[in-house]
Amino acid sequence: MTTEPTNPDLPQKPDKPLRASALDALRGYAILTMVLSGTMATAILPKWMAHAQVPPPTFKFDPTIFGITWVDLVFPFFLFAMGAAFPFSIGKKLNEKNGRVKAILSALGRGVQLTFFAIFIQHMYPWVLSSPQDMSAWFTTLFAFALLFPMFMRLPDKYPQALRIGVKVAAYGLAIILLNVVTYANDRTFTLGFSNIIILVLANMAIFGSIAYIFTYKNRLARLAILPFVMAVFLGSTTEGSWVQWFYNFSPLPWMYKFYYLKYLFIIIPGTIAGEYLMDWMKNRQLENQENANERKIAGSMIAITVALVVCNLYGLFTRQLVLNLVLTTGLLSGGLYLLRKKETSAIELWNKFFKAGAYLLLLGLFFEAYEGGIRKDHSTYSYYFVCSGLAFMALIFFSVVCDFFQGSKKYFRFLVGAGQNPMIAYVGTNLLVMPLINILGLAPSLTWFDTNPWLGFLKGVITTVLVTLVTLFFTRIKWFWRT
């Protein structure tokens, strides 16, 4: 058997896989740091280890505190990753016959499913079922976790469609019965308005973010043009008696939708543009037949610059050293733009696009910083949206370099990629599986030992996060994914 000789003048198939792991890694980082921030013994940790506006040890909300911490980046990073996935998930549908209609129906269905997920898990937390928590609550919670599999797993196509639909309908039916027959603590009863706010925001973004993308497909300027109208409604809603105020307050389903949730379009929409950049890179990557000699040097420098930008802004904004932060940020951005000025390869071109978009948003957020008193997560400010979106672009560059360019996703960052591919399991893994099992096994009293000093308090969160990660990776490995 003979093989055809390789023609050096023709583009060769790259040795690196065409799948981009950076987006999964960013999503995995966001979901696992969300778990970590919620499981540390934060009452004994420094203030920068908690949300800036609810500092330890009292955790009393104080809107007069300005600044952000690493904890405040977790949710916007996840939202950004959600938006970046739209071109991959929605774009395929839009190229089919009647694609726009299918995509809209899919978005509505996904939003409804996420809303149900938000309501169901909030009612099934063990502290909601009993106070103090008991065996009945823990076993009910474990049952609820198991019930989520037939609700959100997609059975293989080899099974009859009637069976696949029947299993899902039966699971949802059983979940509805469970919600209405269990006994809740403190005389609570089932109500649609009692839901997980994070998942409820994601449900709204699944609907409105998707629709915004569907109607502005291949028109980024039109997509960005939506944001000033959203801003106008927020600014005009403070005028008593105005139609804008009525529009802002109107909701046919207040337990599911509020215009207030649409503020996160300021993060979702930039995320969709990042996803389009990533998709273009995946197509162009196939046309390259060799690696540029300068590429590795630039890649290493981008790791340092993107990490420095995130750390610098977290420190500068939290400590309120605003002028110093602006100067350092401007210097780092100038250095990054200089390094990326020659778009010699598709990877450098991708990082250039990410960096320019992130630099613009980050600087815009810093210029907005003084507005509304200063940057805050709660109640969130425009500075917060733009700064977080800008830093999310930088984080995506970091993961693009370490996971896709240096192939770190094959070894060192595999756990982030795996968690990012199964985020719903990772999100509920702590409260619906790991902690109930720890309590049933009688290990919960030993956890109080970690509440004695800051290092042990942080270690408590790390251990819990590792357990949740292992659970998530197990289900990812056997391809049991929860999807909406």
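Across the range 359-393, the number of residues qualifying as part of a helix (DSSP H, G or I) and over 15 Å from the mean Cα position of the chain (by Cα) comes to 17.
Can you spot a residue in the range 165-173 that is in a helix (DSSP H, G or I), basic (Lys, Arg), surrounded by 12 or more Cβ atoms within 10 Å (Cβ to Cβ) and touching a helix residue (DSSP H, G or I) at 6+ places or on another chain (Cβ under 8 Å)? Walk me through how you get there before you give the answer.
We begin by selecting, within the range 165-173, every residue in a helix (DSSP H, G or I); these are 165-173.
Those left that are additionally basic (Lys, Arg): 168.
Checking which are surrounded by 12 or more Cβ atoms within 10 Å (Cβ to Cβ) leaves us with 168.
From what is left, the residues that are touching a helix residue (DSSP H, G or I) at 6+ places or on another chain (Cβ under 8 Å) are 168.
Within the range 165-173, one or more residues are in a helix (DSSP H, G or I), basic (Lys, Arg), surrounded by 12 or more Cβ atoms within 10 Å (Cβ to Cβ) and touching a helix residue (DSSP H, G or I) at 6+ places or on another chain (Cβ under 8 Å).
Taking the criterion of being in a helix (DSSP H, G or I) and either of a type in the set (Lys, Arg) or loosely packed, with under 15 Cβ neighbours inside 10 Å (or both), the residues of the range 308-323 that qualify are Val311, Thr319, Val323. In the range 410-426, how many are assigned to a helix (DSSP H, G or I) and surrounded by fewer than 24 Cβ atoms within 10 Å (Cβ to Cβ)? The number of residues fulfilling the criteria is 6.
In summary, Ala162 fulfils each of the numbered conditions (1) free of Cβ contacts under 8 Å to residues at least 60 places away in the same chain; (2) touching a helix residue (DSSP H, G or I) at 6+ places or on another chain (Cβ under 6 Å) with the single exception of condition (2). Filtering the range 326-358 to residues that are more than 25 Å from the chain's Cα centre (by Cα) and among the basic types (Lys, Arg) leaves Arg341, Lys342, Lys343. Would a scan of the range 76-90 turn up a residue that is in contact (Cβ under 8 Å) with a residue 60 or more places away in the chain, of a type in the set (S, T, N, Q) and out of contact with any strand residue (DSSP E or B) (no Cβ under 7 Å at 6 or more places or on another chain)? Looking for residues that are in contact (Cβ under 8 Å) with a residue 60 or more places away in the chain, of a type in the set (S, T, N, Q) and out of contact with any strand residue (DSSP E or B) (no Cβ under 7 Å at 6 or more places or on another chain), one finds none in the range 76-90, hence no.
Report yes if some residue within the range 137-145 is loosely packed, with under 15 Cβ neighbours inside 10 Å and either at pLDDT below 95 or touching a Pro at 6+ places or on another chain (Cβ under 7 Å) (or both); otherwise report no. Among the residues of the range 137-145, not one is loosely packed, with under 15 Cβ neighbours inside 10 Å and either at pLDDT below 95 or touching a Pro at 6+ places or on another chain (Cβ under 7 Å) (or both), which makes the answer no.
Table: residues versus (1) surrounded by fewer than 24 Cβ atoms within 10 Å (Cβ to Cβ); (2) closer than 23 Å to Tyr29 by Cβ; (3) of a type in the set (Lys, Arg); (4) at pLDDT 95 or above.
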| position | (1), (2), (3), (4) |
| --- | --- |
| Gly335 | yes, no, no, yes |
| Glu344 | yes, no, no, no |
| Ser389 | no, yes, no, yes |
| Phe393 | no, yes, no, yes |
| Gly408 | yes, yes, no, no |
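The values are calculated or read from the model by the stated rules, or taken from the named source; none is laboratory data. Small disclaimer: the values here were computed from a predicted structure and weren't measured. Positions of Cβ are generated from backbone atoms using ideal geometry, with glycine treated the same way; all protein chains shown enter the neighbour counts.
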